[in-house]
Amino acid sequence: MPVSPSPFLWQRCCLVALCLAPALPLKSQPAAKVAVGFQVTVPATTPRDAALHVAGNMNGWNPGDPQWQLRRQADGTWSGQFLLEPGYALQFKLTRGSWETVEKDAKGGELPNRTVEVGPATTVRIQVASWRDQAPGAAVTHTVSGDLRLIEDFAMPQLATTRTLRILLPPGYETSGRRYPVLYMHDAQNLFDAATSFAGEWNVDETLTKLSASGELPAMIVVGIDHGGKERLAEYSPYRDERIPTAKGDAYADFLVQTLKPWVDRTYRTKPEATHTALAGSSLGGLISLHTALRHPGAFAKVACFSSSFWVGERQMLKEAAHAKPAPALRLYLDIGDREAGAPAHSRQAVQDTQDVATALQGRGLGAERLRVVVAPGARHTESAWAARFPAALRWLFQAAP
């Protein structure tokens with residue numbers, strides 16, 4: 001996986017899992033909560049020492065959140081009770097602590113997000129058919145098209161770790177001799193291949209092939225950076241809060257600019273100038289994309305932030321934007337769905353946060369012709385919603401390129 005006045009190109013669009021870290025309940029809007037019960041039956045192959053967790057839009061899609069852990073009962077079932085606001089549109093999946101152990105269907109196939117609207121007395125009953133690491137036959141259907149290259153164990157010195165890169169080269173790259181613009185994207189597991197995504201993919205490869213073939217976009221290189229699993233919340237957040245006690249967003253932003261981009265420019269035939277370099281992400285990926293663009297204003301001149309998690313750190317991005325010095329060449333696309341969060345009030349707040357960030361940046365000199373804000377009616381915080389808005393965002397970013 002969204003009004004405010006005029007100087008902006010406010011746009012209503014009709015387009016409709018990562019959806020990795022959506023808007024969370026805000027401290028500033030307390031509301032009475034009700035108990036939501038879970039009763040879960042698991043496969044007999046589930047390890048006896050397993051820990052079961054609920055990962056969803058209420059906890060930033062954290063697959064191992066200790067606050068959303070179920071308890072094993074004497075009869076082998078699992079149960080738990082948690083508090084949410086009435087009317088909360090809960091989206092979730094069950095895991096054994098990581099996305100590598102997320103629930104699957106009986107044939108090992110991908111499951112859509114489970115959805116429940118919280119009422120006065122809600123009990124969720126679930127039969128888990130299989131786990132990702134135990135799926136029968138481990139039948140995996142890859143959906144990659146085009147020349148996608150994996151770079152494993154790429155060093156991230158700023159974070160003292162390594163990561164997998166997924167690099168999509170445009171058709172004809174090997175023989176053209178041309179140089180290409182580059183689009184950097186986070187959460188690479190969800191960009192190209194349903195087999196590596198836990199909540200659906202963006203179809204980035206198919207979309208770019210179609211748009212470049214039709215002349216709507218220039219052919220480009222896409223550099224996808226895998227998220228760090230349990231480290232995702234910390235790495236994509238530049239601010240601390242109660243859910244993110246250790247913020248590593250500054251280090252991640254520095255990695256993108258100081259380590260990754262120079263390597264990509266040395267290794268591939270790129271157009272290295274900022275005007276030909278884009279950065280895009282959703283949810284926390286949207287937050288870190290904007291933070292990176294403001295922290296390193298000379299690196300990325302095209303930035304797309306889908307359903308950004310501007311709630312992090314008591315909405316600290318609003319303050320950052322109010323003191324920012326955006327690059328004069330920056331083209332910034334911000335969007336948000338009007339049904340992003342579980343509770344309606346939180347969805348309204350997510351829309352307002354996005355518009356407030358845009359207002360703050362315009363006040364810092366980002367002209368209306370370089371800023372687009374889209375509020376998407378009915379759109380939720382999902383990979384499919386972002387995939388639907390992705391083509392229009394890229395068309396706008398790359399139109400009339402300087």
TODO: Sort out which residues of region 372-383 are surrounded by fewer than 24 Cβ atoms within 10 Å (Cβ to Cβ) and touching a Pro at 6+ places or on another chain (Cβ under 9 Å), and write them in order of number.
DONE: Val374, Val375, Pro377
Open item on the list: Can you list the strands (runs of 3 or more DSSP E) lying wholly within region 140-248 that have 1 or more residues being of a type in the set (D, E, K, R)?
Closed with: 147-156, 161-169
Task: strands (runs of 3 or more DSSP E) fully within region 73-139 counting 2 or more residues that are in the same structural domain as Thr46 (by TED's automatic domain parsing) and over 23 Å from the mean Cα position of the chain (by Cα) - done: 78-84, 122-127
TODO: Check whether at least one residue in region 307-329 is out of contact with any Pro (no Cβ under 8 Å at 6 or more places or on another chain), surrounded by fewer than 24 Cβ atoms within 10 Å (Cβ to Cβ) and under 24 Å from Val182 (Cα atoms), and report yes or no.
DONE: yes
Task: Evaluation of Ala44 against (1) under 23 Å from Lys230 (Cα atoms); (2) among the hydrophobic types (A, V, I, L, M, F, W, C); (3) outside any strand (DSSP E or B) (one fails), failing number - done: (1)
Open item on the list: Looking only at residues that are out of contact with any Phe, Trp or Tyr (no Cβ under 9 Å at 6 or more places or on another chain) and surrounded by fewer than 17 Cβ atoms within 10 Å (Cβ to Cβ) in region 60-76, which one is farthest from Ala44 (Cα to Cα)?
Closed with: Pro66
TODO: Identify, from the list Ala345, Ala388, Ala350, Ala368, the residue that is crowded, with 17+ Cβ neighbours inside 10 Å, under 27 Å from Lys319 (Cβ atoms) and not aromatic (Phe, Trp, Tyr).
DONE: Ala350
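Every residue, every condition in (1) surrounded by fewer than 17 Cβ atoms within 10 Å (Cβ to Cβ); (2) acidic (Asp, Glu); (3) at pLDDT below 95; (4) under 23 Å from Cys305 (Cα atoms), yes or no:
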site: Ala135; (1), (2), (3), (4): no, no, yes, no
site: Thr143; (1), (2), (3), (4): yes, no, yes, no
site: Pro157; (1), (2), (3), (4): yes, no, no, no
site: Leu169; (1), (2), (3), (4): no, no, no, yes
site: Glu206; (1), (2), (3), (4): yes, yes, yes, yes
- [ ] Please enumerate the residues belonging to region 355-379 that are among the polar types (S, T, N, Q) and under 22 Å from Gly342 (Cβ atoms).
- [x] Gln355
Task: helices (runs of 4 or more DSSP H) wholly inside region 260-327 that include at least 3 residues being farther than 18 Å from Leu371 by Cα, modelled with pLDDT of 95 or more and over 13 Å from the mean Cα position of the chain (by Cα) - done: 261-267, 312-322
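The values are calculated or read from the model by the stated rules, or taken from the named source; none is laboratory data. Source: prediction; values computed, not measured. Don't worry about glycine lacking a Cβ; one is built from the backbone with ideal geometry, like all the others, and counts go over all protein chains shown.
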